[in-house]
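Beneath this line is the structure, given in structure tokens, with notes to follow.
Nothing in this text is a laboratory measurement; each read-out follows from the coordinates by a stated rule. The shown structure was predicted, so the numbers you read here are calculated from the model rather than taken from an experiment. No Cβ is skipped: glycine too gets one built from the backbone with ideal geometry, and neighbour counts run over all protein chains shown.
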Amino acid sequence: MQLRPLGATGLKVSRLGLGTMTWGRATDEHDARDQLIAFVEAGGTLIDSASGYADGGAERMIGSLLGDVVARDDVVLATKAGIARHRGRREINASRGHLLRSLDTSLARLGTDHVDLWQVHVWDDTVPIEETLGALDTALSTGRAAYVGISNYTGWQTAQAATWQRAVPGRATLASTQVQYSLLAREVEYDVLPACAALGLGVLAWSPLAGGALTGKYRGGTPADSRGAQRDFTGRIESYLDARGRGIIESVARAAEGLDWHPLQVALAWVRDRPGVTAPILGARNAAQLRLGLATDGLVLPPEIVAALDDVSA
């Protein structure tokens with residue numbers, strides 16, 4: 001698999017990342033092992049997680065597989081901090097103390113002394129930005145992270161954070177941002193992607209398949225075993241299935257039929273090759289789904305198909 005530089009840094013990552021949001025929850029250790037084996041055999045290196053995924057279960061599962069399935073130094077290990085559950089409720093906390101405690105906990109779960117990329121999971125209005133970013137400086141200077149980034153920041157938040165870090169020598173320059181980006185969610189093109197291009201940030205795209213909507217699985221209804229049938233995801237999936245969304249999904253399906261591809265591959269290749277994108281992050285419930293996405297590596301969408309999808313999803 002082709003490697004790409006992460007923004008204006010020397011870190012190179014596979015142009016498809018392995019997402020682990022379902023690990024420790026919908027994906028058990030057996031399926032996780034099969035996914036990781038398939039991913040590294042295909043040349044994948046970027047493994048993305050977060051301290052809040054399955055309340056730490058995803059990181060623990062990765063830690064149990066590192067050194068067994070793949071050597072630690074052969075992967076680019078990325079995780080995030082800032083979203084957690086407290087007494088059963090989702091909480092955002094990007095304070096310096098919480099972030100650094102979360103990082104130390106992540107390292108213990110992962111069984112490593114450092115991560116290759118540590119990201120602030122979300123903007124926190126209650127914490128001064130200089131405090132949040134100061135945690136990134138500490139992580140880098142203490143060797144607990146090799147590179148740092150942000151996630152789910154708007155365009156102005158991205159520009160402010162990146163500029164603040166570049167303003168004084170010695171601060172941790174931001175390597176990347178991770179944002180939602182797909183044919184059904186192109187809002188980042190307005191301001192986030194231009195900010196990243198101007199300030200040298202790589203872009204990691206989460207939910208490149210729009211929660212599976214772009215695979216066509218919901219064209220005839222909601223399968224009982226799908227993510228859209230889960231209470232936590234029902235509203236999100238339904239938001240994609242309005243008249244505009246269904247038109248985009250049908251266009252992807254027609255393109256796939258004409259190319260003899262799977263719709264998943266059409267949607268994934270479109271995101272992968274967008275200007276500024278370093279890698280889409282692909283999460284799968286099992287290895288069969290992941291292999292379908294991995295098979296996209298040798299595929300390139302014809303320019304006329306790209307233009308048609310750009311037009312219908314604009």
Checklist entry - Taking the stated definitions as given, is Gly52 touching a Leu at 6+ places or on another chain (Cβ under 8 Å) and of a type outside the set (A, V, I, L, M)? => result no
Next on the checklist: Take the conditions outside any strand (DSSP E or B) and under 20 Å from the mean Cα position of the chain (by Cα) and apply them to Ala58. Does it pass?
Outcome noted: yes
Checklist outcome for this item: Note on region 36-53: residues closer than 16 Å to Asp297 by Cα and part of a helix (DSSP H, G or I) are Ala38, Phe39, Val40, Glu41
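State whether one or more residues within region 199-206 are assigned to a strand (DSSP E or B), touching a helix residue (DSSP H, G or I) at 6+ places or on another chain (Cβ under 7 Å), within 20 Å of Thr9 (Cβ to Cβ) and among the small types (Gly, Ala, Ser).
Taking region 199-206 as the starting set, the residues that turn out to be assigned to a strand (DSSP E or B) are 202-206.
Right, trim to touching a helix residue (DSSP H, G or I) at 6+ places or on another chain (Cβ under 7 Å) and you get 203, 205.
Now narrow it down to the ones that are within 20 Å of Thr9 (Cβ to Cβ): 203, 205.
From what is left, the residues that are among the small types (Gly, Ala, Ser) are 205.
Within region 199-206 (the criterion being assigned to a strand (DSSP E or B), touching a helix residue (DSSP H, G or I) at 6+ places or on another chain (Cβ under 7 Å), within 20 Å of Thr9 (Cβ to Cβ) and among the small types (Gly, Ala, Ser)), the answer is yes, since at least one residue qualifies.
Do we have Leu292 as more than 17 Å from Glu189 (Cα to Cα), touching a helix residue (DSSP H, G or I) at 6+ places or on another chain (Cβ under 6 Å), free of Cβ contacts under 8 Å to residues at least 40 places away in the same chain and not in a loop (DSSP other than H, G, I, E, B) here?
Values: more than 17 Å from Glu189 (Cα to Cα): yes; touching a helix residue (DSSP H, G or I) at 6+ places or on another chain (Cβ under 6 Å): yes; free of Cβ contacts under 8 Å to residues at least 40 places away in the same chain: yes; not in a loop (DSSP other than H, G, I, E, B): yes.
Yes; evaluated as a whole, the condition is true for this residue.
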Next on the checklist: Quick check on my filter: what residues within region 282-314 are crowded, with 17+ Cβ neighbours inside 10 Å, closer than 23 Å to Arg4 by Cβ and of a type in the set (Gly, Ala, Ser)?
Outcome noted: Gly283, Ala284, Gly293
